[in-house]
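**Student:** Shown below is the structure under consideration.
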């Protein structure tokens, strides 16, 4: 049964754009909150769809990319990820991101999951795909990406999540979902 649609208890009195660039827009709203009090609410709108890919081979290995994340001021291991322009088929964006970041292409694709990444302050929406029947090629990352690429067993990627070596939300969710679907060496259909 689908979740019950609830009535919006918030009332928007006004909206003011605070910041805008090619990737995000920040808007501040004057609101009446569910308790009846006046307040402000900030929203970060992402102008691209978040895209992620779990590239899984027949031996249940996946590809990870490592890069220094400026905002976090630390290095991060993740599944291949990027942005898909609004109006573009998410699957086409996923194919592009996987090939750019890892050089891997796939002939079998299925949607693994969708998620809101930080729904208390942003409308960022992610679509994550599972790529199978893989062929390795040459990566061509963007100039802003200084990437390391490695292939690891799914079980090792899960341990990286559990130990805190992988903290990126899309990667955590996608790796754990893949583990649920494919288990400890057993194969499942998606």
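The values are calculated or read from the model by the stated rules, or taken from the named source; none is laboratory data. This structure is a prediction, so every number in the text was calculated from the model and none was measured. Virtual Cβ from ideal backbone geometry, glycine too; neighbours counted across all protein chains shown.
**Student:** Residue by residue through region 37-58, note down the ones that are out of contact with any strand residue (DSSP E or B) (no Cβ under 7 Å at 6 or more places or on another chain) and either modelled with pLDDT under 95 or within 30 Å of residue 151 (Cα to Cα) (or both).
**Tutor:** Quick first cut of region 37-58, residues out of contact with any strand residue (DSSP E or B) (no Cβ under 7 Å at 6 or more places or on another chain) only: 37, 58.
Residue satisfying the conditions is 58 alone.
This table checks each residue for (1) at pLDDT 95 or above; (2) crowded, with 19+ Cβ neighbours inside 10 Å; (3) out of contact with any strand residue (DSSP E or B) (no Cβ under 9 Å at 6 or more places or on another chain); (4) assigned to a strand (DSSP E or B).
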| residue | (1), (2), (3), (4) |
| --- | --- |
| 91 | yes, no, no, no |
| 100 | no, no, no, no |
| 128 | yes, yes, no, yes |
| 133 | yes, no, no, yes |
| 146 | no, no, no, no |
| 152 | yes, no, no, yes |
| 155 | yes, no, yes, no |
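A quick yes/no check of all residues on (1) surrounded by 20 or more Cβ atoms within 10 Å (Cβ to Cβ); (2) in contact (Cβ under 8 Å) with a residue 40 or more places away in the chain:
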residue	(1), (2)
45	no, yes
51	yes, yes
57	no, yes
64	yes, yes
80	yes, no
111	no, no
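**Student:** Listed residues 65, 114; which is under 20 Å from residue 162 (Cα atoms) and either within 15 Å of the chain's Cα centre (by Cα) or modelled with pLDDT of 95 or more (or both)?
**Tutor:** 65
**Student:** Considering only region 159-178, state which residues are crowded, with 18+ Cβ neighbours inside 10 Å and farther than 12 Å from residue 78 by Cα.
**Tutor:** Hit for region 159-178 is 178, nothing else.
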